[in-house]
1. Is there any pair with a first residue in the stretch 98-110 that is touching a residue at least 24 places away in the same chain (Cβ under 8 Å) and a second that is of a type outside the set (Phe, Trp, Tyr) whose Cβ atoms are under 9 Å apart and which are 6 or more apart or on different chains, and what are they?
2. Kindly indicate the residue of the stretch 30-44 that is hydrophobic (A, V, I, L, M, F, W, C) and surrounded by 17 or more Cβ atoms within 10 Å (Cβ to Cβ) and also nearest to residue 88 (Cα to Cα) among those meeting that condition.
3. Answer yes or no: is there a residue in the stretch 99-112 that is of a type in the set (A, V, I, L, M) and surrounded by 17 or more Cβ atoms within 10 Å (Cβ to Cβ).
4. Out of the residues in the stretch 1-29 meeting the condition of being out of contact with any helix residue (DSSP H, G or I) (no Cβ under 9 Å at 6 or more places or on another chain) and in contact (Cβ under 8 Å) with a residue 12 or more places away in the chain, tell me which one is surrounded by the fewest Cβ atoms within 10 Å (Cβ to Cβ).
5. Looking at the stretch 117-132, I want the residues that are among the basic types (Lys, Arg) and have a partner that is in a helix (DSSP H, G or I) and at pLDDT 95 or above with Cβ atoms under 6 Å, at least 6 apart or on another chain. Which pairs are those?
6. So, of the residues in the stretch 58-93 that are without any contact (Cβ under 8 Å) to a residue 24 or more places away in the chain and hydroxyl-bearing (Ser, Thr, Tyr), which turns out to be farthest from residue 123 (Cα to Cα)?
7. Check every one of the helices (runs of 4 or more DSSP H) wholly within the stretch 50-134 and list those with 2 or more residues that are among the aliphatic types (A, V, I, L, M) and under 24 Å from residue 7 (Cα atoms).
8. Being modelled with pLDDT under 95 and aromatic (Phe, Trp, Tyr) is the filter here, so list the residues in the stretch 55-101 that pass it.
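The values are calculated or read from the model by the stated rules, or taken from the named source; none is laboratory data. Note that the structure is a prediction, hence the values are computed from the model and not measured. No Cβ is skipped: glycine too gets one built from the backbone with ideal geometry, and neighbour counts run over all protein chains shown.
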Amino acid sequence: MSDQPSAGLQSRLSWVLFALRISVFIVMFVWTLDKFVNPGHSMRIFEAFYSIKGVNEILVYIMGSLQLVLVLAFVAGIAKRWTYGIIFILHGASTLSAFAQYFDAFNNLLFFAAWPMLAACFALYVLRDADTRFTLGK
């Protein structure tokens, strides 16, 4: 009995991982665009959720530019160990930074969507070598 998945299973797995990668990318891409479209929103998030005051627009644009490079490399499947790992860590920090919101669950239901996305980020990181559909990396 082989430890290698069958060709059919590998094909289905690659489609599932591709779907996860695209869905995580969409969220991360919109969060990235928000830094350019509404930098004040990012500045308020840094203060409210991360207790970081004094973040200015220039810094938000720099972070947005770096995040744009990251999410584009992520969706392309480039340097998966690093890009998938950084996406997982960033989303994990974002999910945990909103921890107080979870105590008032029924007034903050949308915050709970972060948990399945965190699981998707984790799955992509752990299964990154099997994520081969439409990737530029190996």
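1. From the stretch 98-110, the pairs are 98/108; 98/114.
2. For the stretch 30-44, the residue satisfying everything is 31.
3. Going through the stretch 99-112, the residues of a type in the set (A, V, I, L, M) turn out to be 100, 105, 109-110.
Next, from what is left, pick out any that are surrounded by 17 or more Cβ atoms within 10 Å (Cβ to Cβ): none.
No; the residues of the stretch 99-112 include none that is of a type in the set (A, V, I, L, M) and surrounded by 17 or more Cβ atoms within 10 Å (Cβ to Cβ).
4. 15
5. 128/80; 128/84
6. The qualifying residue farthest from residue 123 (Cα to Cα) is 65.
7. Details: elements: 57-76, 80-97, 114-126.
Where helices (runs of 4 or more DSSP H) fall fully within the stretch 50-134 and carry at least 2 residues being among the aliphatic types (A, V, I, L, M) and under 24 Å from residue 7 (Cα atoms), they are 57-76, 114-126.
8. Within the stretch 55-101, just 99 meets the criteria.
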